[in-house]
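Reading through the structure tokens given below for one structure.
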Amino acid sequence: MAAIPLLGSYKMGKFDLSHRIVLAPLTRSRSYGNVPQPHAAVYYSQRATDGGLLITEATGVSDTAQGYPDTPGVWTREQVEAWKPIVDAVHAKGGVFFCQLWHVGRVSNTGYQPNGQDPISSTDKQVPTQVLHDGSIEEYSRPRRLRTEEIPRIVEDFRLAARNAIEAGFDGVEIHGANGYLIEQFMKDSANDRTDEYGGSLENRCRFALEVVEAVVGEIGADRVGMRLSPFLDYMDCWDSDPEALALYMVQALNKHGILYCHMIEPRMAVVNGRYHIPHRLLPMRKAFKGTFIVAGGYDRDEGNKVVDEGYTDLVAFGRLFLANPDLPKRFELNAAVNKYDRTTFYTSDPVVGYTDYPFMENSV
Ligand SMILES: Cc1cc2nc3c(=O)[nH]c(=O)nc-3n(C[C@H](O)[C@H](O)[C@H](O)COP(=O)(O)O)c2cc1C
């Protein structure tokens, strides 16, 4: 018997996980020129454990996929070669490592796009100006609505990126269908105003997402494919009028493809009696999905233990806590205090500060 539910072993397809604590995908903006750097090997291997699942930061599938400074890609030979030692460093510690495949769609501006062209999307509706966590203001360009006949090319980019990720040594990929990026821009009715077969009905809005799934599964096998979804969020002006119907439709379609896992983000936390509470709205999807279920969004040790114990999920992904605590599984095991995260260095470009210098437990007393 494991000491706590989060430390129980779990068999995810062919992967023998030794615990339930997953590193959530975390953009860190330290991949200069979209090429992963040697310091990422330090960062990820610090967070790797024997039999622990790590998911990379969102990783671009093509030269139109970026919308943030210095995020990594996996579409060029140079990027694939650069990932190899990073993946090796995680494997050397026994970690299981998935690459999150990403296209930002309209969450971009002409400055990030090849030849200064307009970002592409499901729509030509622009994302309103956003005030980011650090108070900075981000402006997005008006996107260009993809023509129907252009969509297979984007699907193909995901397929090739999945192949590249496997070539780089990753154990699998996570298709980023969350947080208001391209795949969600197609899925959600606030951002999809198309009149072709990719717009309108739920089936049509999910068509692009499922074509990506089918292509990636065909390329690398369903047993190496996960998908991240955030049906209840409205991040980047992307929301749906019936999020539960959308999520259930997707989960049932993912079952048909037999993918390894579904990684779902909770609705935004609500304040109840002065305390943040996780809404726990994912149970219908957890029940409907046949593969491994991963939840994320506001979890800590107690909440994580509770949901694993109750069978509400198989695995729990931790974002900010894992960012700030490279030895998070160990701390959870010992019920030790955790380092606080420093929001001001989430996306700064220093290869050490706020990245690989969060103290391990032995050094932090
Ligand atoms: C610095 C930072 C970067 C993030 N980058 C990504 C990303 O690249 N891909 C993604 O799907 N989610 C990303 N997220 C969302 C996290 O994966 C996670 O869902 C969110 O932080 C909520 O979990 P938490 O409460 O455990 O931090 C990011 C969050 C943070 C704080």
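The values are calculated or read from the model by the stated rules, or taken from the named source; none is laboratory data. Computed from a predicted model, the values in this text were never measured in an experiment. So basically every Cβ, Gly included, is an ideal-geometry build from the backbone, and we count neighbours across all protein chains shown. Surface areas here come from the heavy atoms of the whole protein model, side chains and all, with no ligands, DNA or RNA. Shrake-Rupley method; radii C 1.70, N 1.55, O 1.52, S 1.80 Å.
A compact table of results
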{"item": "Nearest-ten-degree value, helix 77-92 long axis tilted from longest Cα axis of the chain", "result": "20"}
{"item": "Paired Rg and Dmax values of segment 5-334, which use every Cα atom, in angstrom", "result": "18.5, 55"}
{"item": "Debye, to nearest 20: dipole size of the chain, +1 on Lys, Arg Cβ, -1 on Asp, Glu Cβ", "result": "480"}
{"item": "Segment 5-334, relative contact order in percent, only Cα pairs under 8 angstrom and at least six apart counted", "result": "16"}
{"item": "Local net charge near R207, Cβ-Cβ under 11 Å (Lys/Arg +1, Asp/Glu -1)", "result": "-3"}
{"item": "Magnitude of the charge dipole, segment 248-307, Cβ model with Lys/Arg +1 and Asp/Glu -1, debye to 20", "result": "200"}
{"item": "Cα-Cα over 26 Å, subset of K84/K287; K11/K256; K287/K340; K11/K330; K188/K287; K306/K340", "result": "K84/K287; K287/K340"}
{"item": "Accessible solvent surface per residue of the chain, calculated while the other protein chains remain in place, 1.4 angstrom probe, Å²", "result": "40"}
{"item": "Rounded tilt (10° steps) of 38-47 against the dominant C-alpha axis of the chain", "result": "60"}
{"item": "Shape call, segment 90-230: gyration tensor on alpha carbons, a/c limit 1.5", "result": "oblate"}
{"item": "Beta bridge orientation in the chain: antiparallel %, DSSP, nearest 5", "result": "20"}
{"item": "Gyration tensor (alpha-carbon) shape descriptor, segment 144-211, a/c threshold 1.5", "result": "prolate"}
{"item": "Acute angle (nearest 10 degrees) that the helix 243-257 long axis makes with the longest principal axis of the chain, alpha-carbon atoms", "result": "80"}
{"item": "Of all accessible heavy-atom area on the chain, the percent that carbon and sulfur account for (1.4 Å)", "result": "50"}
